[in-house]
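Have a look at the structure below before the remarks.
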Amino acid sequence: MTWFQGALRGDPHVFDYHGTGYIADAHYHVIARLEHLADPHELQITPRNTALVIDARRRRMDLSPIGGARNDTVRDGILREVDLTTGRTLWRWSGAEHIPVTEYHRHRLKPRESRPFDYLHLNSVEEGRDGDLLISAMNTCTLYEVDRRTGRIIWRLGGRHSTFRLGPGVRFCGQHDAHWAGENLIRVFDNGTLEKRHAARVAWIELDPVARTATLVRQIVQPRHRSVAIQGNAQELPNGDTAVGWGSAGRISEFAPDGSSLFEAALPRGTITYRMYRMPWNGRPSTPPTVMTRGGTVHAVWNGATGVARWRVLAGPTPKAVKPVAEAAWNGLDTAIALPGASASAPYLQVQALDARGRVLGIGTRGRR
């Protein structure tokens, strides 16, 4: 499990982050840290025990072609491959060294545009089967394939200088989360923002490397036909379904291969999701369950534990003399269980987390003296 933890500093439009990338095992022990990251968009573990991360730095560039100063400041999008054992950077690529500012999706800078100017805004990277990298840059509305050995751009899809002629419905802008979905087939989350607003969607685009054409194969449109200002992703599941996180819209969905809706949920108000994944996860915390009491009710909590189907409560005069007194189905991170009769005042309480077969997964004990 990976995550970025950090803080946004200063002007939010500058997107100036400072934080750490974490990698944890199924017991939630942190087994690796990537320090001093300036971008939270990507942390992909490779089979080589390395991580591909997006980072950033400030640098001077000539922005006069788009209305800025000749010696202006930009936020350069950086790709790095980091050795997880040593923390050493093995490979580095600078977007500003390969992508000119004239690829910015607007012709000119807006008045009083924040600095450093983020004309790229890299937001996803994926290593292809040939080792080359598929990169998404939100603010150029372009996907790039980059030669890993030389760093040169092999081709562009979308944006101002697309290598491919875009067929009907292909054009995207403000996109996130581009991935290979097959040979010459790309899946991209199109936010429908930055240029002409339209409903967000997941689009499958087929490339013809000989004819240099790009064709829309299929798409899934946001169920409420809303554009998504920021964030978002799509994941193809092993059974052919597609799971979608609708970013700042605060919703998640799953769709059948024919595009029909199978599941939709809204996150709590004010909560958004950058990416949502559905996958098997057997989480087993190394810490025991927590037992809390309020009056005649026990609260069983084991944050991060999966596979808990029921809770059993035991009570007694000593930790070794407790007996079962109640049982209840798992009901969220905090399962409340009413204690019967005299057991509500027992000196010792114990909770046992049970799986669907009744096996004990974990035990938590609390003395009340």
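The values are calculated or read from the model by the stated rules, or taken from the named source; none is laboratory data. Computed from a predicted structure; not experimentally measured. With ideal geometry, Cβ positions are generated from the backbone for all residues, glycine too; neighbour counts draw on all protein chains shown. To get the accessible areas, we keep the full protein, side chains included, count just its heavy atoms, and leave off ligands, DNA and RNA. Shrake-Rupley method; radii C 1.70, N 1.55, O 1.52, S 1.80 Å.
Here are some notes:
- Within the full protein context, the accessible area of Leu262 is estimated at about 100 Å² for a probe radius of 1.4 Å.
- Percentage relative contact order, the chain, counting C-alpha pairs under 8 Å, at least six apart: 8 percent
- Rounded percent of accessible protein surface that carbon and sulfur make up, segment 226-338, 1.4 Å probe: 56 percent
- Segment 12-54 and segment 135-192 have their alpha-carbon centroids 24 Å apart.
- Note on Val217 and Arg269: the extension gain reaches 15.3 nm, defined as 0.36 nm multiplied by sequence separation minus the Cα-Cα distance.
- Packing-based order for 240-251, 58-69, using average beta carbon neighbours within 10 Å, highest first: 240-251, 58-69
- 18 Å cut-off, amide nitrogen to a point 7 angstrom out along His161 Cα→Cβ, residues in segment 100-122: 100-109, 119-122
- Its Cα centre serving as origin, segment 79-201 has a Cβ charge dipole (Lys and Arg +1, Asp and Glu -1) of approximately 620 debye.
- You can think of it this way: the chain between Ala309 and Lys110 has 66.1 nm of extra reach, that is 0.36 nm per residue less the Cα-Cα gap.
- Dimensions of segment 239-352 based on its C-alpha atoms, expressed as ranges along the principal axes with the largest first, amount to 59, 29, 24 Å.
- Sorted on the mean count of surrounding Cβ atoms within 10 Å across their residues, most packed first, peptides 184-191, 336-343 read 184-191, 336-343.
- Net dipole in debye of segment 26-87 [+1 Lys, Arg Cβ; -1 Asp, Glu Cβ; about Cα centre; nearest 20]: 180 debye
- Here segment 121-200 was treated as a single set of alpha-carbon atoms; its pair distances binned every 10 Å from 0 give 19, 56, 23, 3 percent.
- Model label sites at Thr2 and Trp91, defined 7 Å from Cα along the beta-carbon direction, differ in position by 1.4 nm.
- Dipole axis of the chain (+1 Lys, Arg; -1 Asp, Glu on Cβ), positive-most option in Pro268, Thr102, Phe164: Pro268
- Highest-fluctuation residue, Thr335, Thr140, Thr213 considered, GNM on the chain with Cα pairs under 10 Å: Thr335
- Dipole orientation for the chain: of the candidates Leu339, Leu43, Val301, Leu339 has the Cα lying most toward the positive pole (charges on Cβ; Lys, Arg +1; Asp, Glu -1).
- Residues His176, His225, His18, sorted by accessible area with the largest first, give His225, His18, His176 [1.4 Å probe; ligands and nucleic acids excluded].
- Among Ser286, Ser227, Ala56 - extreme Cα towards positive end, dipole of the chain, charges at beta-carbon: Ser286
- Å² per residue, accessible surface of segment 100-222 at 1.4 Å: 43 Å²
- Taking only protein heavy atoms and a 1.4 Å probe, the accessible area of segment 1-145 is 48% carbon and sulfur.
- The apolar share of the surface of segment 186-225, taken as the fraction of accessible area on carbon and sulfur atoms (1.4 Å probe, ligands and nucleic acids excluded), comes to 50 percent.
- The magnitude of the dipole of the chain, with charges of +1 and -1 set on the Cβ of Lys/Arg and Asp/Glu and taken from the Cα centre, is near 1100 debye.
- For Cα extents along the principal axes in Å, the candidate list reads (i) 57, 50, 40; (ii) 80, 44, 41; (iii) 78, 62, 40; the entry that matches the value derived from this model is (ii).
- Over segment 261-369, relative contact order from alpha-carbon pairs under 8 Å, at least 6 apart, %: 26 percent
- A Förster radius of 41 Å, combined with the Cβ-Cβ distance separating Val30 from His225, puts the computed FRET efficiency at roughly 0.50.
- On full extension, the segment bounded by Thr293 and Arg359 gains 21.4 nm, given 0.36 nm per residue less the C-alpha separation.
- Here Lys110 is the anchor, and the lysines within straight C-alpha reach of less than 23 Å, apart from those fewer than 8 places off in the same chain, are Lys196.
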